[in-house]
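Report on one structure; see the data block that follows.
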Amino acid sequence: MIIIQDKIVSDELVEEQFLCQLDACKGACCWEGDAGAPLEENELAILEDIYPQLGPYISPAGEAAIRQEGIYTYDEEDKVHRTPLIDNGPCAYMTLDQDGKAQCGIEKAWQDGKIDFRKPISCHLYPVRISAKPDIGFEALNYDRWDICSAACSAGKEAQLPIYRFVKEALIRKYGEDFYEELDQYAQHVKTAK
């Protein structure tokens, strides 16, 4: 366990390697599982604001799910808002490209310059998941190990790419450059101490 700027960071983010392999998994993290992507409170208003621009980037099934469930849902068990799902399967914001790979419709709209929000931070950070208890100021970053990412683990080992470096852009987006630099300095120290 590492503490960086009052955040608890799992050692696995430094010790384990990861490099997403969309050709192997086809973006299964967007359609596997039993719940939508966790959303932060500030992302709810953003989704409401950008939703009118997302029409061309959402599948008809996704649009139907959003009409039925809403732009976001609330998970009573985990006490968190989430993206809606299509028939308890794929994320409603997911589309497929011509090769059958999952794409985030929100991110596609961002890439096309239609919106200035890239995608939910929980998706951008994956395979890192944040556990938080805001009322007591607790926040922990953990590696969400999942068998559908086995090709990403193998590719990460081959590239010698630690998880925290794989998600560098997302970590900076969430916590800032200083947080990332402190984590990187810690990781370099651990590496040279071995």
Please arrange Ser122, Ser154, Ser131 by how many other C-beta atoms lie within 10 Å of their C-beta, fewest to most.
Ser131, Ser154, Ser122
Can you give me the distance in nm between label points at Asp135 and Asp99, each placed 7 Å from the Cα along the Cα-to-Cβ direction?
4.7 nm
Choose one answer from Asp116, Asp135, Asp178: the residue with the largest mean-square fluctuation in a GNM of the chain with alpha-carbon springs under 10 Å.
Asp135
If I compute semi-axes √(5λ) of the Cα gyration tensor in Å from the structure I just sent, which labelled value in (1) 36, 18, 13; (2) 25, 19, 17; (3) 29, 20, 15 lines up?
(3)
Would you mind computing, in nm to one decimal, how far apart the modelled labels at Glu77 and Glu48 are, each placed 7 Å from Cα along Cα→Cβ?
2.7 nm
Based only on other Cβ atoms within 10 Å, what is the fewest-to-most ordering of Leu54, Leu22?
Leu22, Leu54
Post the alpha-carbon centroid distance, region 79-122 to region 19-75, in whole angstrom.
4 Å
If every Lys and Arg gets +1 and every Asp and Glu gets -1 at its Cβ, then about the Cα centre the chain yields a dipole, in debye to the nearest 20, of 460 debye
Roughly what angle does helix 177-193 make with the longest principal axis of the chain, taking Cα atoms, 0 to 90 degrees, to the nearest 10?
40 degrees
In region 64-131, the GluC sites (Glu not before Pro) that sit in a DSSP loop and have at most 15 other Cβ atoms within 10 Å of their own Cβ are Glu76, Glu77
For region 71-121, which trypsin sites (Lys or Arg not before Pro) are both in a DSSP coil and crowded by at most 10 other Cβ atoms within 10 Å?
Lys79
Of all DSSP beta bridges having both residues in the chain, the percent classed as antiparallel (nearest 5) is 90 percent
Longest principal axis of the chain (C-alpha) makes with the long axis of helix 60-69 (C-alpha) an angle, in degrees to the nearest 10, of 90 degrees
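Since every read-out is calculated from the coordinates, none of them should be taken as a lab result. Bear in mind the structure is a predicted one, so any value in this text is a computation, not a measurement. We place every Cβ from the backbone using ideal geometry, glycine too, and count neighbours over all the protein chains shown.
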